[in-house]
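The values are calculated or read from the model by the stated rules, or taken from the named source; none is laboratory data. All values derive from a computational prediction rather than experimental measurement. In this analysis, Cβ positions are derived from the backbone assuming ideal geometry, glycine residues included, and neighbour counts consider all displayed protein chains. Ligands, DNA and RNA are excluded from the accessible area calculation, which covers all protein heavy atoms including side chains. Shrake-Rupley method; radii C 1.70, N 1.55, O 1.52, S 1.80 Å.
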Amino acid sequence: MVRIAGTGHYVPAKVLSNNDLEKMVDTNDEWIIQRTGIKNRRIVEDEVTSDLATKAGQKALEAAGMKPEDIDLIILGTSTPDYHIPSCAPIVQHKLGCRMIPAFDINSVCTSFMCGLTTAYSMIASGLYKNCLLIGADTYSKILNWKDRNTCVIFGDGAGAVVLVKDDNAGKLLSTDFGSDGSGSDYIKIPVGGVVNPINNFYGYKEEDLFFQMAGKKVYEFTISVVPEAARRMLRQANLTNETIDHVIVHQANVRIIDTISKMVDIDRKKFIVNIEKYGNTSSASIPIALDEAVRHNIIKKGETVMMLGFGGGLSWGGVVFQW
Ligand code: COA
């Protein structure tokens, strides 16, 4: 079995409020709160994704009572790495001062942390590794189109981390549910910069195609059509019910999505851990940041069950039910 021995998170100091955004694009505080639940988000000034990841990782190590040299595997969930090449995890390995251990990225956009969690769990449960630092970190402020009100009001920067360790007496993955639907791959996208539209041809592109784009309504519909069903399957597989599950952490993309999942799966809204008003959608960082806040406030206690459920680009979704 695999226990989460420590959690941590880091967000940049600079706060960008809805009122600040009113001065940048045609939007208003009331629309943003009503449609998304977001009030503030954090934005980097002179930091990059590997800095956020390193700081969250340090906090998780501290909470676990471990040192960088104790870690034998690093997995970083991110869709905003410092560079396309190299991957970002080795940069974090170096910044943390870890040994020359395996360190790699997982990119499943906002589902990255959940993919990382099952990968890390499996690699430890199989006996291959003992102590894994898993981080979800993203810096969307660097890829957003700050002229596009459909997207720039939604995202924030941040990182969350967990240390997973082998433990025969605690920590149990009770169920998982993952899936993807590439027919919706156009709905969350940066059109330019991959091999279809390579950057070396950049004079031929429209400016907005260099930035993050999202067909919000399509993603909303996809999420509502797959995520509640995934939650129900995970409860069944874990032999739990809507009454007996203790906590739910859904990707902090939109408070209306969280409310709808609570209603559709009939899980008491009070069981949902929600912090979207402070940080916005921090992509792969949103679940581990919410998890860390809940652990530090003693909301999640030993033996309790936690459902974590992410969704986003791909399109994709992924969840686990974990016994703390
Ligand atoms: N401020 C003010 N008005 C805005 C606005 C903003 N920031 N953004 C859009 N609008 C306007 C639109 O132009 C539209 O106006 P119109 O009716 O005159 O055309 C109106 O508000 C409604 O826009 P719409 O896109 O239909 O809003 P919505 O209710 O679908 O909310 C999202 C938009 C993005 C918040 C919502 O679709 C969403 O959360 N989608 C899911 C995103 C997600 O889960 N992502 C996860 C992976 S990252």
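Which distance in Å, rounded to a whole number, links the C-alpha centroids of the range 154-217 and the range 88-152?
The range 154-217 and the range 88-152 have Cα centres separated by 11 Å.
Rounded to the nearest whole Å³, what is the per residue volume of the convex hull around the Cα atoms of the range 173-323? Write down the numbers at each step before the final one.
Working: hull volume 18.9 nm³, N = 151.
Value for the range 173-323: 125 Å³ per residue.
Over the range 2-52, what is the relative contact order in whole percent, taking alpha-carbon pairs under 8 Å and six or more residues apart? Before the final figure, lay out each step's value.
On the way: 43 pairs, mean separation 22.6, N = 51.
Result for the range 2-52 is 44 percent.
Along the range 257-262, what does the Karplus equation 6.51 cos²θ - 1.76 cosθ + 1.60 (θ = phi - 60°) give for ³J(HN,Hα), rounded to whole Hz, x for Gly and Pro?
Each residue of the range 257-262 in turn: 5, 5, 4, 5, 4, 4 Hz.
What is the set of long-range amide H partners of residue 80 at a cut-off below 5 Å, with H atoms built 1.01 Å from backbone N?
139
Just the accessible area per residue of the chain, please: how many Å² with a 1.4 Å probe? Please report the intermediate quantities before stating the final value.
Details: 14150 Å² over 324 residues.
Accessible area per residue, the chain: 44 Å².
Tell me, what ³J(HN,Hα) does each residue in the range 55-65 have, in order and in whole Hz, if you take phi through Karplus 6.51 cos²θ - 1.76 cosθ + 1.60 with θ = phi - 60° and put x for Gly and Pro?
Here the 3J(HN,Hα) series is 5, 5, x, 4, 5, 5, 5, 4, 5, 7, x Hz.
Translational diffusion coefficient of the range 237-324 at 10 °C, 1.306 mPa s, Stokes-Einstein with Kirkwood Rh over Cα pairs, in µm²/s as a whole number. List each step's numbers first, then the result.
Working: Rh = 13.2 Å.
Here the translational diffusion coefficient equals 120 µm²/s.
Quickly estimate the mean residue ellipticity at 222 nm for the chain, helices only: each DSSP H run with n ≥ 4 gives -39500 (n - 2.57), and the total goes over all residues, rounded to 500. Before the final figure, lay out each step's value.
Working: 10 runs with 103 residues, N = 324.
Calculated mean residue ellipticity at 222 nm is -9500 deg cm²/dmol.
State the dimensionless ratio Rg/Rh of the range 2-166 (Rg: radius of gyration of Cα atoms; Rh: Kirkwood radius).
Values: Rg = 16.9 Å, Rh = 16.4 Å.
Radius of gyration over Kirkwood radius for the range 2-166 works out to 1.03.
What is the Å³ per residue value for the convex hull set by the Cα atoms of the chain?
Values: hull volume 42.3 nm³, N = 324.
Output value, Cα hull per residue: 130 Å³.
Near residue 206, which lysines are there with a Cα under 21 Å away, not counting those fewer than 8 places off in the same chain?
Filter leaves 142, 147, 189.
When only C-alpha pairs under 8 Å and at least 6 residues apart count, what is the relative contact order of the range 2-166, in percent?
On the way: 370 pairs, mean separation 56.1, N = 165.
That works out to 34 percent.
Given a 1.4 angstrom probe, I'd like the percentage of the accessible area of the chain that is carbon and sulfur, rounded to a whole number. Let's see the in-between values first.
Details: 7180 of 14150 Å².
With neighbouring chains kept in place, the figure for the chain is 51 percent.
Could you pull out every residue, at least 5 positions away or on a different chain, whose amide H is within less than 5 Å of the one on residue 158? Hs are placed 1.01 Å off N in the peptide plane, and Pro or chain starts have none.
HN-HN under 5 Å from residue 158: 138, 140.
Per-residue HN-Hα couplings for the range 226-240, Karplus 6.51 cos²θ - 1.76 cosθ + 1.60 at θ = phi - 60°, whole Hz, x for Gly and Pro?
Per residue, the Karplus-derived 3J(HN,Hα) values read 10, 5, x, 5, 4, 5, 5, 4, 5, 4, 4, 4, 8, 6, 10 Hz.
So if R0 is 45 Å, what FRET efficiency would residue 181 and residue 301 give, r being the distance between their Cβ atoms, rounded to the nearest 0.05?
On the way: r = 36 Å, r/R0 = 0.80.
Approximately 0.80, to the nearest 0.05.
What is the chain's relative contact order, in percent, from Cα pairs under 8 angstrom and six or more apart in sequence? Walk me through the numbers on the way to the answer.
Values: 790 pairs, mean separation 82.4, N = 324.
Value for the chain: 25 percent.
Rounding to the nearest 20 debye, state how big the charge dipole of the chain is about its Cα centre with +1 on each Lys and Arg Cβ and -1 on each Asp and Glu Cβ.
Working: 34 positive and 37 negative charges, 111 e Å.
With only Lys, Arg, Asp and Glu charged at Cβ, the dipole is about 540 debye.
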